[in-house]
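Every number in this text was worked out from the coordinates using simple rules, so none of it is lab data. None of the values given here were measured: they were computed from a predicted structure. Ideal geometry is used to build each Cβ from the backbone, glycine not excepted, and the neighbour counts take in all protein chains shown.
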Amino acid sequence: MTKYKLEYIWLDGYKPTPNLRGKTQIKEFDSFPTLEQLPLWGFDGSSTQQAEGHSSDCVLKPVAVYPDAARINGVLVMCEVMMPDGKTPHATNKRATILDDAGAWFGFEQEYFFYKDGRPLGFPPTGYPAPQGPYYTGVGYSNVGSVAREIVEKHLDLCLAAGINHEGINAEVAKGQWEFQIFGKGSKKAADEMWMARYLMQRLTESYGIDIEYHCKPLGDTDWNGSGMHANFSTTYLREVGGKEYFEQLMEAFKANRADHIAVYGPDNHLRLTGKHETASIDMFSYGIADRGASIRVPHSFINNGYKGYLEDRRPNSQGDPYQIASQILKTIASVPTSAKAAAA
Ligand code: ADP
Ligand code: MN
Ligand code: MN
Ligand code: MN
């Protein structure tokens, strides 16, 4: 038997966006535990805005498990928050009720800023560094500083060791701003991995005295880029059948549901979706081929393959909840009849 360190991780009840929380329990197993072997656990919901003090117990239900390479015999356990009966999802548990479909693939591009001493990493104590230009995909100390790359590389290795589908890294447009991409099949799988990747990044940067700033426009109305979390998506139908007519109907549905999408695409998005800095206006829906100023970018490959493949919704922001973002995309897609459905009707 081996003693494993189980880190139970969940989303708290803070609004507008939840924070990650985690606590450790030690349990003995013959070998690395499976999800089925992991017990329910509890926590004090009155300290996480998930319960009143007089009845404070909330239940943690394990839903995904990953190796934790940062700890000896470490296990990362993604959890849903349940009511004391252990069966009813807590009101803050969005994951329990989202739409899912194993044929729906999601690639999230998480942008974020490293923050140290209350400002982006590499910013001088007062004023600004040299303007944007050389930082995006940049190399060299004056562009990316001395620790950012070490952190993103370590984060990449932690994600890969955990079995998380980390797909890539790049330095972003603003100084101190970076991106990583997570790809997953199914909304829950992709979003679980994104939340876990966020957790690993936040935990990793503790020892550097660095925080992760997820706000979509931390530098306000300036010439510094905001942060998004572009959601690339495809369904089995979009990949295998697609077609111009279906695509145009899909875009009509995205246009009609614009407000429902914006509602779950992250707080303060009006500060980011201004029409500047490679964004589209929050009040209008648009799409365009290879257009980074559109709400939805249609990759060249999509058109070249006969309107088949994936699309990029550029509106979700860096603070958005990937569970809700993926679910809303699936909801809108489900409202559009496919030719098989249309023929059957
Ligand atoms: P860019 O910065 O040019 O927008 P990235 O390379 O950062 O592009 O991100 C592209 C994303 O698209 C990746 O996360 C990738 O996983 C995702 N992706 C690629 N193919 C598909 C697909 N068929 N379905 C869903 N997502 C996809
Ligand atoms: Mn990208
Ligand atoms: Mn980017
Ligand atoms: Mn993108």
Partner lysines for Lys61 [C-alpha distance under 19 Å; skip if fewer than 8 residues away on the same chain]
Lys5, Lys23, Lys27, Lys87, Lys94, Lys188, Lys189
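Please report the equivalent ellipsoid semi-axes of region 136-270, computed as sqrt(5 x eigenvalue) of the Cα gyration tensor, largest first, in whole Å. Intermediate values should be presented prior to the final figure.
Working: eigenvalues 187, 79, 41 Å².
Computed over region 136-270, the values are 31, 20, 14 Å.
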Dividing the convex hull volume of the alpha carbon atoms of region 1-143 by its residue count, what do you get in Å³ per residue?
206 Å³
Within the set Met82, Met284, Met229, GNM on the chain using Cα springs under 10 Å gives the largest fluctuation to Met284
Where does each of His230, His54 land when they are ranked from fewest to most other beta-carbon atoms within 10 angstrom?
His54, His230
So if R0 is 30 Å, what FRET efficiency would Thr236 and Ala263 give, r being the distance between their Cβ atoms, rounded to the nearest 0.05?
0.65
In the calculated pair distance distribution of region 245-309, what percentage of Cα-Cα distances lie above 13 Å?
66 percent
Charge dipole of the chain about the Cα centre (unit charges at C-beta), most positive-ward option of Leu121, Tyr4, Gly140:
Gly140
In whole Hz, the Karplus estimates of ³J(HN,Hα) for region 127-136 (6.51, -1.76, 1.60; θ = phi - 60°; x where Gly or Pro) are x, 10, x, 4, x, 4, x, x, 6, 4
Pop a pseudo-label 7 angstrom from the Cα along the beta-carbon direction at both Asp117 and Tyr208 and give the gap in nm to one decimal.
1.6 nm
Any chance you could check the Cα centroid distance between region 10-67 and region 226-251 for me, in angstrom?
34 Å
Using only Cα atoms, locate the centre of region 178-218 and the centre of region 262-287, then give the distance between them in Å, rounded to an integer.
21 Å
Contour minus end-to-end for Thr126 and Leu160, with contour as 0.36 nm per residue of separation and end-to-end as the Cα-Cα distance?
8.5 nm
Reachable lysines from Lys116, Cα under 17 Å, same-chain residues fewer than 8 places away excluded?
Lys175, Lys217
In Å and whole numbers, how far do the C-alpha atoms of the chain stretch along each principal axis, longest first?
61, 57, 39
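Could you tell me the convex hull volume per residue, in Å³, taken over the Cα atoms of region 274-328? Intermediate values should be presented prior to the final figure.
Details: hull volume 5.0 nm³, N = 55.
That works out to 91 Å³ per residue.
Restricting things to alpha carbons, find the Rg to Rh ratio for region 46-117 using the Kirkwood radius for Rh.
1.06
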Once the Cα gyration tensor of region 118-190 is diagonalised, what are the square roots of 5 times its eigenvalues, in whole Å and ordered largest first, as equivalent ellipsoid semi-axes?
28, 12, 11
